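Written below as structure tokens is the structure these notes are about.
Every number here is computed from the coordinates shown, using simple stated rules; none is lab data. It should be emphasised that the depicted structure is a prediction, and the values quoted were computed from it without experimental measurement. Neighbour counts run over all protein chains shown; Cβ positions are idealised from the backbone, glycine included.
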DNA sequence: GCTTGAAGGTGGCATAGACCAATGTGGCCG
DNA sequence: CGGCCACATTGGTCTATGCCACCTTCAAGC
């Protein structure tokens, strides 16, 4: 019944440290004691024990399996870069990509999508939701929005088959030119967790992209959610003093201004890690 | 007393939908009813109500303030791109960056850091932890590891003052050349949450960087955690058919292979959003 | 009029207990 | 011997409740 509080250290924090000790002396895949056992041994309630486990699951150090138990996670995401044997090594690319169509509808743009595509909120857009897989396991959910006027006909078969941009160019005389893309971290909600087969509140990348054609008109707006435990972005930066062309106020991600103000990205690749 | 379960829909899911309705009809910064009021009105327990709120806080739609109440979040991260008035607009860069030294020690490399820097685990490295701020508010935590042999002397004053790479070149004849960097999503733990002033399990970007000099020797290993609610990476991609030089297996983040296989990043910038 | 402090409301943490759902196992029965 | 079902175990969800820390407010005191 006694509360902690003035103890200045959270109970679930103490529990988490204990669990980390359990994890250290075990190998990936090994089981740890059950929730009820642990909560009894540590003298805390099961909700408190679960709260501590929640954090370890979110950070990818433990996995839970309903009806079976809790196990040490197969691989820590913070150790993936270890496989690079040298600085210049560019990590291998991922496996075989495939996709599964989840939805294909013509809907009203609405306020948000309408603004982005610069069409009326009442204008029709083709909405495509598809699941991206690597070697058969879910990697990302894509939500595409294309002004319906650009693609009067678009069958699921065409989507599955080939390159969307090729299709646009060959069948609709739409030539994509460039895209502005933003990448930010997020966590998956209940629905996304189900589709991607990860726990709720798992880390993920939210990628938004607005593609425009050669005339500058928006062609597609894409909203994607990528699994954080299986996707990362690797880039190679040239930091030599030879190319000081960067604009003021612009700098590389991860390198705040003041450390240096020149250099350029020369290579960018992504890897879908097959654990 | 009755349980849901077989209803197939989670109670906190229903509560979440209700809360989203509350958020929609309000403006950023507006208050929503208290936890006790909501749990009574909705006929759920307060822990359940809190579980539903947790998800909305984690996705950046609500903010909690101890002793004051709950409020609609100032800006939804999924709407930040709205400020772009056209596809070619490159978002403005962030505000004034500063940094605060948290730790400066000479420690043993250890197995993990030693592997990355290609030195003995017993070799000494300079460990620097610093807090990066934009306009005075915390943005990121940086953990730098530099082989002690490269920097026989390094005072806190030198660190605060200037460019680390300039310092290396001018005082230690170390010329940085390139870096391999990886970006992946994560969530902050208790300690990071305290320093960055965000809730536990908030989304964040984990950026790892290994910098090498012109001779190919590792110079520094950096491990950074960036706040997800204030940091995003924006890049402009040229998708023209003119530059099909990409290597097999390499593709742009957010654009799985099969959509197209050519094009190149021509601009990359980051914005620290001042809310 | 200004300061101060007690009261009430808010979120934060933790407890104890109950029931449901999924899993694996072992004994029973054909 | 083989298949099937009941049971024990494990995680998943929810309720009801208590106390603490923090903030705002407002009235009493200087």
How well do other chains shield peptide A:208-214, expressed as the mean number of their Cβ atoms within 10 Å of each residue Cβ?
4
Cβ neighbours within 10 Å from other chains - mean over A:216-225
2
What does the copy distance list look like for residue B:22, label position 7 Å along Cα→Cβ, in nm and ordered from shortest?
3.5
Inter-copy spacing of residue B:51 label points, which lie 7 Å from Cα along Cα→Cβ, given in nm from shortest upward:
1.4
Fewest Cβ neighbours within 10 Å first, please rank A:12, B:26 accordingly.
B:26, A:12
Report the closest approach of any chain B C-beta to the axis of the B-to-A rotation: residue and distance, in whole angstrom.
B:185, 2
Residue exposure sequence - A:24, B:17, A:13 - by fewest surrounding Cβ within 10 Å
A:24, B:17, A:13
Label spacing, shortest first and in nm, from residue A:121 to its equivalents in the remaining copies (7 angstrom along Cα→Cβ)
6.1
Take the alpha-carbon centre of region B:157-228, take the same for region A:181-215, and report the distance between them in whole Å.
25 Å
